[in-house]
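Report on one structure; see the data block that follows.
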Amino acid sequence: MKILVGIILLVHVFIHLLGFFKAFQIGEIRQLQLEISKPLGFLWLFCTLLFLYVLYLYFLDKSCWPFFALAAVIISQSLIILAWHDAKYGSVLNLVILLISLPALGSFYFQKKTEKEVTRLVQLAETSTEVSAELEENTQLPEIVRKWLRNSGVRDNPEVAFVRLRQQGRMKIKPDADWMPFQASQYFNVKAHSFIWTARVNSGSPVYFDGRDKLINGEGEMLIKLLSLFPVVNEYNNDKIDSGAMQRFLAEICWFPTAALSNQISWEALNGNAARADLEIYEKKVSGIFNFSEDGELLSFQAERFYGGEQDAKEETWHIEMLDFKEFSGYRIPNKCRITWKLAEGDFTWLELEIMEVDYNSGEFYPN
């Protein structure tokens, strides 16, 4: 795809160079029959150089390239209109470049919006006053949870206030759909019990989706855009989305286990090697059950979660299975997970993910 776009831009460079040659009578340009004045010839040259610069920025993966591409298309199309009889077919290439540039522009703004939200997340971390209990001081903690936290490295490592991590994996939008690969970045403010998750999902064709899931101050948001431009899902001010985002945060404390000691999370031992956790944020409460092995290895998390955010959405069993573990900066965490909705018509495994990297107490935004 990248090579094809490069070829299209390069062809357009040479087409505009012909306009300059025609104006200054450099060689015999049979493709252009109309006369071109020298002032317009300089404009054809400027457009040539502008498209060449776009090509340069595009292959360097500079996020600003679509701005210059749109400027070049506007100038180019103006020149084509002035020489319509000879140059009208150049409009096709301008249309192709426009269709490529607009999603890239949407992706740029999507990224910038996320950066602002992550900055706010960092600021929340800096102003948080919550104090977590120490592992050995927390007398209400079930013994199986203590084992898990010791195994995870909580006793030997500093408390985590902020987390950034990268994921990759695959997902389905419905049980009979094909798997789609995705890559994602996620940022957690552990003290404020908040997160921002952004993902690029590829459909196996030029079509892709940008997604953003968010929880801040107990309020969730879910946004999915086709080609970074067209909203497919845009849910907010929705109690079902709020509770789902809170349950997601609760499940994902396994990646930063010191959060289990938060004063806003209470624990209750259950039969066998299981424990129920309740998370409360601004008088909103959600629950989930963590299941462990005898040795305190985290096996799964399960909760009753709304299946969607629609008004008639019902609670269904949401099950996360921990498949493998890896150590990051002294913390041993699940790095591979499988997520399944247990529906009346059968299990729907919709997401499989792998944690690729984790940075603790780093509030910096991942570069593109």
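Below, the figures for the structure above:
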read-out	value
Condition check for Gln264: modelled with pLDDT of 95 or more and either closer than 24 Å to Leu141 by Cβ or among the basic types (Lys, Arg) (or both)	no
Residue within the stretch 192-211 that is of a type in the set (Lys, Arg) and under 27 Å from Asp312 (Cβ atoms) present	no
Leading residue by the ranking (farthest from Val118 (Cα to Cα)) among those in the stretch 187-207 that are of a type in the set (S, T, N, Q) and surrounded by fewer than 21 Cβ atoms within 10 Å (Cβ to Cβ)	Ser205
Qualifying residues in the stretch 53-66 (those that are among the hydrophobic types (A, V, I, L, M, F, W, C), in a helix (DSSP H, G or I) and touching a residue at least 40 places away in the same chain (Cβ under 8 Å)) - the one surrounded by the fewest Cβ atoms within 10 Å (Cβ to Cβ)	Phe59
Pairs where the first residue, in the stretch 222-233, is more than 16 Å from Trp197 (Cβ to Cβ) and without any contact (Cβ under 8 Å) to a residue 24 or more places away in the chain and the second is part of a strand (DSSP E or B) and open to solvent by 60 Å² or more (accessible area, probe 1.4 Å), C-beta under 6 Å, 6+ apart	Leu226/Val232
Test: Glu268 is open to solvent by 70 Å² or more (accessible area, probe 1.4 Å) and either closer than 22 Å to Tyr331 by Cβ or touching a helix residue (DSSP H, G or I) at 6+ places or on another chain (Cβ under 7 Å) (or both)	no
Total residues in the stretch 289-315, condition assigned to a loop (DSSP other than H, G, I, E, B), open to solvent by less than 80 Å² (accessible area, probe 1.4 Å) and free of Cβ contacts under 8 Å to residues at least 24 places away in the same chain	1
In the stretch 207-218, the residues that are of a type outside the set (D, E, K, R) and part of a strand (DSSP E or B)	Tyr208, Phe209, Gly211, Leu215, Ile216
In the stretch 316-333, the residues that are among the hydrophobic types (A, V, I, L, M, F, W, C) and open to solvent by 50 Å² or more (accessible area, probe 1.4 Å)	Leu323
Single unsatisfied condition, Met246 versus (1) part of a strand (DSSP E or B); (2) free of Cβ contacts under 8 Å to residues at least 60 places away in the same chain; (3) among the aliphatic types (A, V, I, L, M)	(1)
Candidate set from the stretch 334-352 (those that are touching an Asp or Glu at 6+ places or on another chain (Cβ under 8 Å) and touching a residue at least 24 places away in the same chain (Cβ under 8 Å)); member that is most open to solvent (accessible area, probe 1.4 Å)	Lys342
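Rundown of residues vs (1) farther than 23 Å from Phe306 by Cα; (2) not in a loop (DSSP other than H, G, I, E, B), yes/no style:
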position: Leu141; (1), (2): yes, no
position: Val145; (1), (2): yes, yes
position: Leu165; (1), (2): yes, yes
position: Pro181; (1), (2): yes, yes
position: Ser205; (1), (2): yes, no
position: Gly220; (1), (2): no, yes
position: Lys240; (1), (2): no, yes
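The values are calculated or read from the model by the stated rules, or taken from the named source; none is laboratory data. Given the structure is predicted, the values throughout are model-derived calculations rather than measurements. A quick note on method: Cβ atoms are made from the backbone with ideal geometry, for glycine too, and the neighbour counts reach across all protein chains shown. Surface areas here come from the heavy atoms of the whole protein model, side chains and all, with no ligands, DNA or RNA. Shrake-Rupley method; radii C 1.70, N 1.55, O 1.52, S 1.80 Å.
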